[in-house]
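Q: Have a look at this one before I ask anything.
The values are calculated or read from the model by the stated rules, or taken from the named source; none is laboratory data. These numbers come from a predicted model, not from an experiment. No Cβ is skipped: glycine too gets one built from the backbone with ideal geometry, and neighbour counts run over all protein chains shown. In case anyone asks, the SASA skips ligands and DNA or RNA and just uses the protein heavy atoms, side chains included. Shrake-Rupley method; radii C 1.70, N 1.55, O 1.52, S 1.80 Å.
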Amino acid sequence: MGRVSAGRMETFLAVARLGSIRRAAAQLHVTEAAVSAAVAHVEKQLGAKLITRSGRGIALTEAGRVYAEYCRGILGLMKEAHAAVRQAEAGRLRIGVVATAGESVVLRPLASFRHRYPEVELSLSIQPRDVLFLELQHHETDLVIAGRPPHAANLVIQARRPSTLVVVGAGDTHDPRHTTWLLRGNGSGTREATLALIDRLQIDPPTLTLGSHGAVIAAAREGLGITLIHSDAVGEHLESGALHTIDVPGTPLDRAWHAVTTAAPTPATRLFLAHLIDPLETGTDAFHAAIGP
């Protein structure tokens, strides 16, 4: 079996992700013939069919889906290896966060870190929880700040910050049995916690799914319903009186924030973690170093 270059792996992944030779060529700024040739070369080297025609586009075969997963991990590790040999103060740090953490938890520590270490190349990605942990497993992200990671993900919780989930609405007289519950989209840990709470309460209220964290807060402020949300995200709204805490049995829920990495974090990642747990640098936003699982 011959070798497949990183460039051809990246080309195959673009095709797999976009479901189209044409769109992959446009994204990679190469010809469609070059993309087709790269995929054909990979298939020849592997001795397996990776893609098949599907309507006006392409679809992955079972072998293609398996190979795509390996490609993501291999390419992520290669990029991580490049970052690992650079000095921490001049390295690269890719942080992934869920929307609530992106808006109310990580920005101030990130700003102070950037001021302290201006040479570190930073990027911040806001994605649903499930997407973030999958990217971390594939070494496409260095650090995730979200809820607890999946048990079987082979990821490491490096630090925690206490937080609670509370039910809020535009008034304080809502009956949770009949009031509309505002939900985040699929893949949201808060959505899962809300549905679990409704199930425990043995109620069947109407629900309304909104795509973004900001939309849920705006809808609650406008009186469209109540929602379960991190107290970090609504502190100002509660103080102003735009939202009120609703007394619902079983709440508030303890749902700490977790700073999660792979088993071998890069030097820049370790540098940020040290900053994140230092109260002299991050004040009340500081996380606490994790002890035990």
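Q: Return the pair list, or none, for Cβ contacts closer than 8 Å from residues in region 122-148 that are of a type in the set (F, W, Y) to residues that are open to solvent by 30 Å² or more (accessible area, probe 1.4 Å) and not in a strand (DSSP E or B), at least 6 apart or on different chains.
A: What qualifies is F133/P150; F133/L155.
Q: Next question, about the same structure. Please enumerate the residues belonging to region 165-209 that are charged (D, E, K, R) and within 29 Å of the chain's Cα centre (by Cα). Before the answer, list the steps.
A: Pass one, region 165-209, residues charged (D, E, K, R): 172, 175, 177, 184, 191-192, 199-200, 204.
Those that are charged (D, E, K, R) and within 29 Å of the chain's Cα centre (by Cα): R184, R191, E192, D199, R200.
Q: Return the pairs, sorted by first residue and then second, in which the second residue is of a type in the set (G, A, S) and open to solvent by 50 Å² or more (accessible area, probe 1.4 Å), the first residue lies in region 154-171 and is in contact (Cβ under 8 Å) with a residue 60 or more places away in the chain, the beta carbons are less than 6 Å apart, and the residues are 6+ apart or on different chains.
A: Correct list of pairs: V156/A263; A159/A289.
Q: Give region 201-223 a look and list any residue that's assigned to a strand (DSSP E or B) and either on the phi > 0 side of the Ramachandran plot or hydroxyl-bearing (S, T, Y) (or both), or say none.
A: If the condition is that a residue be assigned to a strand (DSSP E or B) and either on the phi > 0 side of the Ramachandran plot or hydroxyl-bearing (S, T, Y) (or both), then T207, T209 are the ones that fit.
Here is a yes/no grid of residues against (1) more than 23 Å from F133 (Cβ to Cβ); (2) open to solvent by less than 10 Å² (accessible area, probe 1.4 Å):
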site	(1), (2)
D172	yes, no
G214	no, no
R221	yes, no
T261	no, yes
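Q: May I ask you to list the residues in region 263-273 that are surrounded by 15 or more Cβ atoms within 10 Å (Cβ to Cβ) and out of contact with any Gly (no Cβ under 9 Å at 6 or more places or on another chain)?
A: P265, R270, F272, L273
Q: Shifting gears a bit: Which of the residues spanning region 224-255 are assigned to a loop (DSSP other than H, G, I, E, B), open to solvent by less than 30 Å² (accessible area, probe 1.4 Å) and farther than 20 Å from P206 by Cβ?
A: A242
Q: Counting only residues that are surrounded by 14 or more Cβ atoms within 10 Å (Cβ to Cβ), give me the strands (runs of 3 or more DSSP E) lying completely in region 1-114 with at least 3 of them.
A: 57-60, 92-97
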